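Take this structure, written in structure tokens, and hold onto it; I'll ask about it next.
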Amino acid sequence: MSSPGEFYKSLPATSKAYGTLLFFRFQVWRLITNFFFLGKFSINFGICLLMIARYGVNLEKGPFERHTADFLWMMIFGGLSLLT
């Protein structure tokens with residue numbers, strides 16, 4: 001790719017639209033806040049919250065005990081890998 005314009009034209013339609021909305025309207029916050037939204041308040045919301053709390057605590061007290069930075073890095077890496 002010789003220019004950013006050619007790279008932009010080579011993107012698939014969905015990725016192009018998502019990226020354009022993010023940067024054209026400067027809504028970069030959407031890249032971060034989507035990991036904190038669990039849906040409307042409902043039974044599914046409660047189940048998701050319970051699962052996050054239960055498994056997060058189990059990981060933090062188990063394999064990542066006294067390794068807070070490693071646990072944080074795992075969470076960040078997992079979130080970033082979901083974006084691609």
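Run lengths n ≥ 4 of DSSP H only: what is the helix-derived mean residue ellipticity at 222 nm for the chain, with -39500 (n - 2.57) per run over all residues, to the nearest 500? List each step's numbers first, then the result.
Values: 5 runs with 58 residues, N = 84.
So the calculated ellipticity at 222 nm is -21000 deg cm²/dmol.
What percentage of the solvent-accessible surface of segment 31-73, computed with a 1.4 Å probe over protein heavy atoms, is contributed by carbon and sulfur atoms? Present the calculation step by step, with values, prior to reporting the outcome.
Values: 2760 of 3910 Å².
Carbon-and-sulfur percentage of accessible area, whole number: 70.
Give the accessible surface of the chain per residue, rounded to a whole number of Å², with probe radius 1.4 Å and ligands, DNA and RNA excluded.
Details: 7520 Å² over 84 residues.
Accessible area per residue: 89 Å².
On a C-alpha basis, how far is the centre of segment 29-84 from the centre of segment 1-18 in Å? Whole number, if you could?
Segment 29-84 and segment 1-18 have Cα centres spaced 31 Å from each other.
Which helices, taking whole DSSP H runs in the chain, have alpha carbons extending 18 angstrom or more along the helix axis plus mean Kyte-Doolittle at least 1.0? Before the final figure, lay out the partial values.
Details: long enough: 43-61 (27 Å, 0.90); 68-83 (23 Å, 1.51).
Result, helices passing both filters: 68-83.
Suppose the chain between E65 and S42 were pulled fully straight at 0.36 nm per residue; how much longer would it get relative to their current alpha carbon spacing? Before the final figure, lay out the partial values.
Numbers: separation 23, 0.36 × 23 = 8.28 nm, distance 3.23 nm.
Using 0.36 nm per residue and subtracting the Cα-Cα distance, I get 5.1 nm.
Taking 7 Å along the Cα-to-C-beta vector as the label spot, tell me the M51-T20 distance in nanometres, rounded to one decimal.
3.4
For the chain, with equal point scatterers placed on the C-alpha atoms only and solvent neglected, what are the log10 I(q)/I(0) values from the Debye formula at q = 0.11, 0.18, 0.19 1/Å, to two decimals?
The Debye formula, applied to the Cα set alone, gives -0.50, -0.94, -0.99.
If you rank I76, I32 by how much accessible surface each has, with a 1.4 Å probe, what is the order from largest down?
The ordering from most to least exposed comes out as I32, I76.
The values are calculated or read from the model by the stated rules, or taken from the named source; none is laboratory data. Just so it is clear, the model here is predicted, and its values are computed rather than measured. Cβ coordinates were reconstructed from backbone atoms using ideal geometry, including for glycine residues, and neighbour counts include every protein chain displayed. Please note that ligands, DNA and RNA were not included when accessible areas were found on the heavy atoms of the full protein model with its side chains. Shrake-Rupley method; radii C 1.70, N 1.55, O 1.52, S 1.80 Å.
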